[in-house]
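A short worksheet on the structure shown next.
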Amino acid sequence: MVGTLELTLMELRSFIPAWLRSETAEPEVGDGGGSGVSNGRPANGQHLDPSAMPGGEPGAMSAQAELRARREEIIRMEERALRELESAQTKLREADRRNDLLEAREEKVIEGEGVVAEARERQLEELERIAGLTQAQARKLLLKEVEADASHQAGLTIKRVEDEAKLESERRARGILAVAMQRLASQQSIEGNTHSIHLPSEDMKGRIIGKDGRNIRALENLTGVDIIIDETPETVVLSSFDGVRREVARLTLEKLIADGRIHPASCEAAFAESEAELDDFMIEVAESALLDARVTGVHPELVRLLGRLRFRTSYSQNVLAHLVESSQLAAMMAAELGASVEIARRAALLHDIGKAVSHEVEGTHALVGARLARRYDEIDAITHAIEAHHNEIEPVTVEAVIVQAADALSGARPGARGDSLEQYVTRLGDLEEIALRQTGVKKVYAMQAGREIRVIVDPGQVDDRTVAVISHEIASAIEREMEYPGQIKITVIRELRATKIAH
């Protein structure tokens, strides 16, 4: 900046003529010999009037006045330039001073960083000496602790998410089951193992028995049922656990009663006619069931087997009605869950098809039914759901789980199945006996018609961890030793009470 100002002054001086620059200099004043005028000015500082000067001419005086004005302007410009130069030099000196201060401060900062680094190094060495670990070992130990803590936190998070998912799944499952049960128009399907036939008169009993009992023996041999004729007026009772045989016997006996001629030959003819009629009837009811379940394309042999289930019961529940009901429930649940409605519907309708021939073929009805379905060209998703509905194999598809749920729901709903009083009491006693076998069990209460048992244990013999083991052992024993519809809930209660009387 100073150089720029000096250059400006030099440029200004170049415009001033040499004779004018020489006149701008102040003449030296001698010892009393001066004229009393400096730079054309009087000694007292007043301007001289050019017209008053002796011998002066007006034109020369005007040029001298203009010259003096220019000289004064140049002097002012030089003074201003000098002031700016001094200001610039002052700022330059201040900048140099600040630069020196910054350099000194930077040196101190560098020295301080070196001191801090040395102190940190000494601190690390002292920590390693105190802890007995090198830096690498300490880092490894810290990483291990952080990893363990992270694993613990992750485990807690996973458990919390699993608990939330379980609660949500249970809530949603209850909602789906409730909706399916409300939408299903179910009915009571309790049936017995006997059938009573009304006779037109008491004389008909003698005809049915025949001479020396040959007619009743022929009927019992043909139909395979027990014909009970007692003192009940005008009534004959047919008893059999096989519903098909019982129905054939009913049709045969009604035909004989209507004809009035009862002898071994007529019994055989009526029996053959009744069997043919029953076959047609079973196909008809099977097709009606397929229509109700909205299932098509079933092999004719499977249709015939479905018809046989019209005369089979499970805990007094008609099996064919149970299959139709399960199919409808499975379709509703599959629609709610976004699974295949057609597969769930078809598999639920056929899941008990093995019961139609389970007395003739070895194996559980689930595995037998799966083999039948494969034989008659059902797809793998259907056969898998059939063989997995009682957990003979682990279910691996959503539809298989839906069939399990529909089967259990159809059998467990109120009014679906029934037991005799003796069977009911026996089942309750068996449940309590199985639970009382466990060590530490004090009392057992069977509740809700045997669908739940509550086990009270001795807190002095059983700790909190053993409670879960006891519930598992009871559930396993019940599954091994008992047959029951639906499911049974086991609740083990461990309660510790402290009582003291203040006197």
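Taken together, the values in this text are just the output of simple stated rules run on the coordinates, not laboratory data. Note that the coordinates shown come from a computational prediction; the quantities given were computed from them, not determined experimentally. As a convention, Cβ positions derive from the backbone with ideal geometry for all residues, glycine included, and neighbour counts pool all protein chains shown.
Key figures
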| item | result |
| --- | --- |
| Three principal axis lengths of the range 205-307 [C-alpha, angstrom, descending] | 52, 27, 21 |
| Two-site label geometry, VAL115 and THR364: point separation in nm, points 7 Å out along Cα→Cβ | 8.4 nm |
| Ascending count of other beta-carbon atoms within 10 Å, so fewest first, for THR157, THR313 | THR157, THR313 |
| For the range 194-412, convex hull of alpha carbons as volume per residue, Å³ | 128 Å³ |
| Label-point separation in nm, ARG437 to ASP149, each point 7 Å along Cα→Cβ | 5.0 nm |
| Whole-Å semi-axes of the ellipsoid equivalent to the range 421-494 (Cα gyration tensor, √5λ, descending) | 22, 12, 10 |
| Ranked list, fewest to most other Cβ atoms within 10 Å of each Cβ, for HIS389, HIS351, HIS365 | HIS365, HIS389, HIS351 |
| Long-range HN-HN contacts of GLU452 with modeled amide H, under 5 Å | MET447, LYS489 |
| Rough spin-label spacing in nm, given labels placed 7 Å along Cα→Cβ, for LEU291 and ARG454 | 5.0 nm |
| Which of PHE271, PHE281, PHE241 has the fewest Cβ neighbours within 10 Å, and the rest in rising order | PHE241, PHE281, PHE271 |
| Theoretical FRET efficiency, 1/(1+(r/R0)^6), r = Cβ-Cβ of ASP280 and ARG171, R0 51 Å, to 0.05 | 0.55 |
